[in-house]
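Participant: Got a structure for you, questions after.
The values are calculated or read from the model by the stated rules, or taken from the named source; none is laboratory data. As the structure is a computational prediction, the values presented were derived from the model and not from experiment. Cβ sites come from the backbone with ideal geometry, for glycine too, and all protein chains shown count toward neighbours. Just so you know, the surface numbers come from the protein's heavy atoms only, side chains and all, with ligands and any DNA or RNA stripped out. Shrake-Rupley method; radii C 1.70, N 1.55, O 1.52, S 1.80 Å.
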Amino acid sequence: MLSLTRSLILNGNVVTTLTKAKATRPYVERLITVSKEDSVANRRSTAAKTGNDAKVIAKLYKELGPKYKERKGGYTRIVKLGKIGAASNESARIELV
């Protein structure tokens, strides 16, 4: 799930299965909520949850945190895209609003 979260934060949207998108959503939303207030404790917490990925931490605190400062929640959107192949897994796009 860490790579999916990393891709979503860095790229803004990711196409995956519906199940993975639903599992990733609360994780990303918590990271963005924490990044709205820039402090040493919050940065350390975020670093621990993202595997010390400097690009992700920088994007969270320099772009996404200030962007969603006034928003109370609901930073992501899941759009269903249909079935994938014969396995009949539902695909979805999870994106930042």
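Participant: What's the angle, to the nearest 10 degrees (0 to 90), between helix 40-50's Cα axis and the longest principal axis of the chain?
Facilitator: The angle comes out at about 20 degrees.
Participant: OK, next. Sticking to Cα atoms, compute the Rg of the chain to one decimal and its Dmax as the biggest Cα-Cα distance, whole number, in Å.
Facilitator: Cα-based Rg and Dmax for the chain come out at 13.9, 48 Å.
Participant: May I ask you to derive the relative contact order of the chain, considering only C-alpha pairs under 8 Å and at least 6 residues apart, and to give it as an integer percent? Provide the component values of the computation, followed by the final result.
Facilitator: Details: 130 pairs, mean separation 37.4, N = 97.
The normalised contact order for the chain reaches 39 percent.
Participant: Run the reach check for K67 against aspartates and glutamates, Cα to Cα strictly under 19 Å, same-chain hits fewer than 8 apart removed. What comes back?
Facilitator: Within reach: E29, E37, D38, E95.
Participant: Next question. Please build a GNM for the chain, connecting alpha carbons under 10 Å apart, and tell me which residue among T19, T46, T33 fluctuates the most.
Facilitator: Of T19, T46, T33, the most mobile in the Gaussian network model is T19.
Participant: For the chain, what is the accessible area per residue in Å² when the probe is 1.4 Å? Write down the numbers at each step before the final one.
Facilitator: Working: 5750 Å² over 97 residues.
Solvent-accessible surface per residue comes out at 59 Å².
Participant: With all protein chains present, how much of the accessible area of the chain (probe radius 1.4 Å) comes from carbon and sulfur, to the nearest whole percent?
Facilitator: Details: 2950 of 5750 Å².
Percent of accessible area from carbon and sulfur atoms in the chain: 51.
Participant: At a Förster radius of 30 Å, what calculated FRET efficiency corresponds to the Cβ-Cβ distance of K55 and K80, to the nearest 0.05?
Facilitator: Values: r = 29 Å, r/R0 = 0.97.
It comes out at approximately 0.55.
Participant: Once both axes come from the Cα atoms, what is the angle between helix 18-35 and the longest principal axis of the chain, in degrees from 0 to 90, rounded to 10?
Facilitator: Between the helix axis and the principal axis of the chain, the angle is about 10 degrees.
Participant: Shifting gears a bit: Nearest 10 degrees is fine. How inclined is helix 2-11 to the longest principal axis of the chain, computing both from alpha carbons?
Facilitator: Helix 2-11 sits at roughly 80 degrees to that axis.
Participant: First measure r as the distance between the Cβ atoms of T17 and E37, then evaluate 1/(1 + (r/R0)^6) with R0 = 35 Å and state the FRET efficiency to the nearest 0.05. It would help to have the intermediate numbers written out before the result.
Facilitator: Working: r = 33 Å, r/R0 = 0.94.
So, using R0 = 35 Å, E works out to roughly 0.60.
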